[in-house]
Structures are given as structure tokens and as C-alpha cells.
Amino acid sequence: MRQLFFLIFMCIRFGKLKYLSYITNNKMTSMKECKECGKVKDAIQFSKCKAKKDGLQPKCKQCNSKDNKKFRTEINPHHHAKWQISNWDKLMGYLRKYRKADKNGIIYAIINPLGEMYIGMSEMYLKARMTEHRKHYRQYKKGKRKSLPLLHDSFDMHGIENHKFETILEVEGIDRKELENIESSFIEAVKQTGKSLNIRN
Ligand SMILES: [Zn+2]
């Protein structure tokens, strides 16, 4: 993790955001980090999953088989003769965990012509998040909103259309808290370059 942040910092410092999205984009590498055990393994160690962007399951085969075993022996009543109503909470707990793990998140940057940037996170796609940013900016212009003063000043100064919106990191199966931690690290890294448009965090 520390290595990742160093990488992020270097990329932001040298303006290589494109490069960063390249190396963090699982599609283009043959290595992938298992979201269960955290080990970086060769793509061959992951089962295929068409629904996922990179075509692979988020968990490695080894972790998946552990899960399947858990499912057979602990969750699925047909595989577990003595399954009782008292296991209900446990089941619900598992389901919550699985649903949560299906969530994807992005870290994005809004970059002005001076190379100053705003870093944000979202559990939606970049396009949807940008629509929201435009809406908030219109509200700000009408005096209905005071948030994100540096970003909105930048929109005023350079025109919103002259800002680049870029996804810089896509993460699969992450919860909000974790995503927020990554966002904070990005913001910190950009602040160290003196080009941050984030005012709080
Ligand atoms: Zn694993």
C-alpha cells in the first residue's frame, strides 16, 4: 500500500496521470491484486467473469474456493442438514458483506489549464459524477451553494469546458471508508505539489 501511494505521488508530481491510469488499469496488465487476500497474482490465478470490466473475478481462485466451501458448509441450507434459524443473522451478515464487496469506486481528477487539480471519489461512473459537478456549479453561480470554492473559482476563471475530467484510479470491491482513505492520500499528494484545488479534507 505504501508503494502504491509513492507511485501515486510520483505520477501526480510529474503530471503523468495518464500513465497512472494505465498502470492501475487491470485490463492492461497481466497481474491483479486479489481483493480478499491482497496478494498480487498472475491473471491466470483468477477465474473469468464477463460482468467485470477486466473480465476477471475480483478474488483469486484460491480465495474463491475457500468461499465456495464456506458457502456449502455454512450458508446454503441444502448443503447443511442441521442448518437452523439461529444461523439467519450469520447468513445476512455474509450477504451484506458480498453485496458490499460488489461495489466499485473511482478516484477522479478535475484539472485546469494551469495543471491545478481537484481530487474526488465516487461510487458512480465519472460521467454521472461530472454531471453532478456541473449542477453544483450552476447552483454556486446562483448563490445557492458555497462548497468547493477553489474548484468553482477555477471554473469561473478558466471556464468549466477547459477543465479535464479524468478517472485516475478504478477499484473493484471496495467499501466507502477504504475509498475515502485512498482519496485522502491522493489529496495529500497533490497538496504537496502546491497545485491542489481541494480546500478541506
Ligand atoms: Zn486471494
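Go through the range 46-59 residue by residue and turn each phi into a ³J(HN,Hα) via Karplus (6.51, -1.76, 1.60, θ = phi - 60°); whole Hz please, and just put x for glycine and proline.
10, 6, 6, 8, 5, 5, 8, 4, 8, x, 10, 5, x, 9
So between Gln139 and Glu180, what do we pick up on full extension, going 0.36 nm a residue minus the alpha carbon distance? Don't jump to the answer; show the numbers that get you there.
Working: separation 41, 0.36 × 41 = 14.76 nm, distance 2.52 nm.
Value of the extension gain: 12.2 nm.
Distance cut-off 18 Å, Cα to Cα: go down the list Lys35/Lys177; Lys69/Lys177; Lys164/Lys195 and report the pairs above it. Spell out each step's value before the answer.
Numbers: Lys35/Lys177 15 Å; Lys69/Lys177 29 Å; Lys164/Lys195 15 Å.
From the list (Lys35/Lys177; Lys69/Lys177; Lys164/Lys195), the Cα-Cα distance tops 18 Å for Lys69/Lys177.
Looking at this model, which pairs from Lys135/Lys191; Lys53/Lys146; Lys52/Lys127 are more than 28 angstrom apart at the alpha-carbon? Mind dumping the intermediate values first?
Details: Lys135/Lys191 26 Å; Lys53/Lys146 36 Å; Lys52/Lys127 19 Å.
Beyond 28 Å between Cα atoms: Lys53/Lys146.
Each value in this text was obtained by applying a stated rule to the coordinates, not by laboratory testing. The structure presented is a predicted model; accordingly, all values stated were derived computationally and were not measured.
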